[in-house]
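A.B. asks: Here's a structure for you.
Readers should treat all values here as calculations from the given coordinates under stated rules, not as data from a laboratory. Predicted model, so just to flag it, every value in this text is computed and none were measured. All Cβ positions, glycine included, derive from the backbone under ideal geometry; neighbour counts span all protein chains shown.
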Amino acid sequence: MTEEQGHDAAYGSLGALAPDWYDGDRSIDTDEIYERFFGWVEDVKGIQPWPHQEEAIMDLLAGDHVILNTPTGSGKSLVALAMHFAALCTGRRSYYTAPIKALVSEKFFDLVEAFGRDYVGMITGDTHINADAPIICCT
């Protein structure tokens, strides 16, 4: 474990729970992704997921397409967070896109808090931060 991963693990980072994306050790199965993610959600974040969140995440991990149409504050962001984690655990890059820089910047800092700074980058018209990261926030 690198010093950075140790730092992230101390703060309950999802990045520390994933295989080492940068060393090519990039894949765990979907059952393990599910267990690690929901363990983090419940133990670190103190959140008890709602049934629609668990169902959507299970469907997405199974390779199904999902449209999650629920009210504001009902946990859609947690489902998106799970998909960023799943991509990281399987050696894929994921993207968060928004039409304006303010939203991208806000989500960038949220994802850095969740995954650790080495795993998240931001690309906008005038900003490039950690552009080779596995999770990219962009306009």
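A.B. asks: What FRET efficiency would be calculated for the residue pair Y22, N69, taking the C-beta separation as r and a Förster radius of 30 Å, to the nearest 0.05?
C.D. replies: 0.25
A.B. asks: Right, here's the next one. Could you grab the relative contact order for segment 17-71? Cα pairs under 8 Å, six or more apart, rounded to a whole percent.
C.D. replies: Value for segment 17-71: 22 percent.
A.B. asks: For segment 35-50, just list the computed ³J(HN,Hα) in residue order, Karplus coefficients 6.51, -1.76 and 1.60, θ = phi - 60°, integers in Hz, with x standing in for Gly and Pro.
C.D. replies: Running phi through 6.51 cos²θ - 1.76 cosθ + 1.60 with θ = phi - 60° gives 4, 5, 5, 5, x, 5, 4, 7, 7, 8, 8, x, 10, 9, x, 7 Hz.
A.B. asks: Okay, next question. Could you work out the helix-only [θ] at 222 nm for the chain, with each DSSP H run of four or more residues adding -39,500 (n - 2.57) and the total divided by the number of residues, to the nearest 500 deg cm²/dmol?
C.D. replies: Counting only the DSSP helices, I get -14500 deg cm²/dmol.
A.B. asks: Given the alpha-carbon gyration tensor of the chain, what are the semi-axes of its equivalent ellipsoid in whole angstrom, ordered largest first, with each equal to the square root of 5 times an eigenvalue?
C.D. replies: 22, 20, 14
A.B. asks: Could I ask something else about it? I need the calculated FRET efficiency for the pair T139 and E106, taking r as the beta carbon distance and R₀ as 22 Å, to the nearest 0.05.
C.D. replies: It comes out at approximately 0.95.
A.B. asks: Also, quick follow-up: Going by how many other beta carbons lie within 10 Å of each one, how would you line up V41, V66, fewest first?
C.D. replies: V66, V41
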